[in-house]
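Report on one structure; see the data block that follows.
The values are calculated or read from the model by the stated rules, or taken from the named source; none is laboratory data. This one's a predicted model, so the numbers in the text were calculated from it and none came from an experiment. Positions of Cβ are backbone-derived with ideal geometry, glycine not excepted, and every protein chain shown enters the neighbour counts. Heads up: the accessible areas ignore ligands, DNA and RNA and are worked out on the full protein's heavy atoms, side chains in. Shrake-Rupley method; radii C 1.70, N 1.55, O 1.52, S 1.80 Å.
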Amino acid sequence: MKNWIPIRAVKTVIVASLAFSSAGFAENEPAESDPYVAGGWEKLTEFDDPEKIVRETGSVDPVDVLRIEEPGVKKSRHLLAGEVRYSDVQGDGFLEMWTVYKEGKGETAAGRYFSRTLGMVGPMAKITGSSEWRQFMLPFNGRAGMYPDELEFNVVLPGGGEVELRGLALYQQGDQSDAAWMLPDDAEIGFTIAAVVSLGFAGLAGGFTWFTIQRRLTLGIFLGLFAIGILSALIGLIALALSQPIHVWRGLLLLGGLCCFLGLIGGAVARMVFTQRELRAIEAAA
């Protein structure tokens, strides 16, 4: 289990707070416009208002509010937001969202990850004492290509109290990695395989050079490697110009540099070896 309130989530809180101030919320009235949509978030689902939660005595056991199976999140970040009103909350209560992955990938392992309103101020502030309707938000920053299978939304009141919720909605928003040509894990595997294959062909051509056989095939392999290197480097520069993530253009440029080096140096050495062999053959014939 991990507590996911990363730097990007903090940035989200700041942006959302500015959006609230500009949207002009009335203290006890639902918002006339959606600040999250205005801030670039895509609304996925709206939920019916749950019943009031009342706990006479405190408990660390969560009160289940929503369980969202197959939430339909297809971007790297998602957010559950709404309004909360509470009274006579003893101690520090909070809202929490569990993001559940049934299968892991890369740095995001299969399991359950939570976001909680444990801040001091703002839409991620904890629930304590009494308050009229105010905004809350529970963001989660995941990874492109890794989307939740289930979301759970709970209220935790360790000291008891009353909590009401309304206007619950689920949002998603992408980042740069969502528009990437390939995912980081796929890029790492793909470029590694490409580099190994390139080295293998260079080794094969080097063997042909050592035994001075198949001149045309040997020089063709080195020329092909050089051409692949130029093409890979050009694509890498295009990716850089298009602001692709670093794992895309860096891999292309590294692969391009490797293939150009192998093709250029290997081809030059092979040409020299074959030329010397031909000169020796001519001298021997003379």
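Based on the Cα coordinates of region 159-286, what is the per residue volume of their convex hull in Å³?
About 129 Å³ per residue, rounded to a whole number.
Fully extended, how many nm does the chain gain between ALA241 and ILE282 (0.36 nm per residue separation, minus their Cα-Cα distance)?
9.5 nm
Provide the solvent-accessible area of LYS126, counting protein heavy atoms only and rolling a 1.4 Å probe, rounded to the nearest 10 Å².
Counting only protein heavy atoms, LYS126 exposes about 50 Å² to solvent.
GLU162: net charge of surrounding residues, Cβ under 12 Å, Lys/Arg +1, Asp/Glu -1, itself excluded?
In short, -1.
Could I have the simple spin-label model distance between MET272 and ASP149, label points 7 Å from Cα toward Cβ, reported in nm to one decimal?
The answer from the label model is 5.9 nm.
Report the FRET efficiency, 1/(1 + (r/R0)^6), for ALA227 and LYS74, where r is their Cβ-Cβ distance and R0 is 51 Å, rounded to 0.05.
For R0 = 51 Å, the calculated efficiency reads 0.85.
Put THR218, THR57 in order of accessible area, largest first, 1.4 Å probe: what do you get?
THR57, THR218
Net charge near GLN90, counting Lys/Arg +1 and Asp/Glu -1 over other residues with Cβ under 15 Å of its Cβ?
Once positives and negatives cancel, what remains is -2.
If TRP41, TRP181 are ordered by their accessible area, calculated over protein heavy atoms with a 1.4 Å probe, which sequence runs from highest to lowest?
TRP181, TRP41
What is the sum of charges around LYS102, taking Lys and Arg as +1, Asp and Glu as -1, for the other residues whose C-beta is under 9 Å from the C-beta of LYS102?
My count for the surroundings of LYS102 gives -3.
How long is the gain from MET120 to ASP64 if the chain were fully straight, where each residue apart is worth 0.36 nm and the alpha carbon distance is subtracted?
Answer, rounded to one decimal: 17.8 nm.
Modelled label-to-label distance, LEU234 and VAL37, 7 Å Cα→beta-carbon offset: nm?
4.5 nm
How big is the accessible area of ARG112 in square angstrom, nearest 10, if you roll a 1.4 angstrom probe over the protein chains?
Rounded to the nearest 10, that gives 90 Å².
Set the Förster radius R0 to 51 Å, insert the Cβ-Cβ distance between LEU204 and GLU51 as r into 1/(1 + (r/R0)^6), and round the FRET efficiency to 0.05.
So the FRET efficiency works out to roughly 0.10.
Need one word for region 29-131: rounded, prolate or oblate. Basis is the Cα gyration tensor (sqrt eigenvalues a ≥ b ≥ c); a/c below 1.5 gives rounded, then a/b vs b/c decides.
oblate
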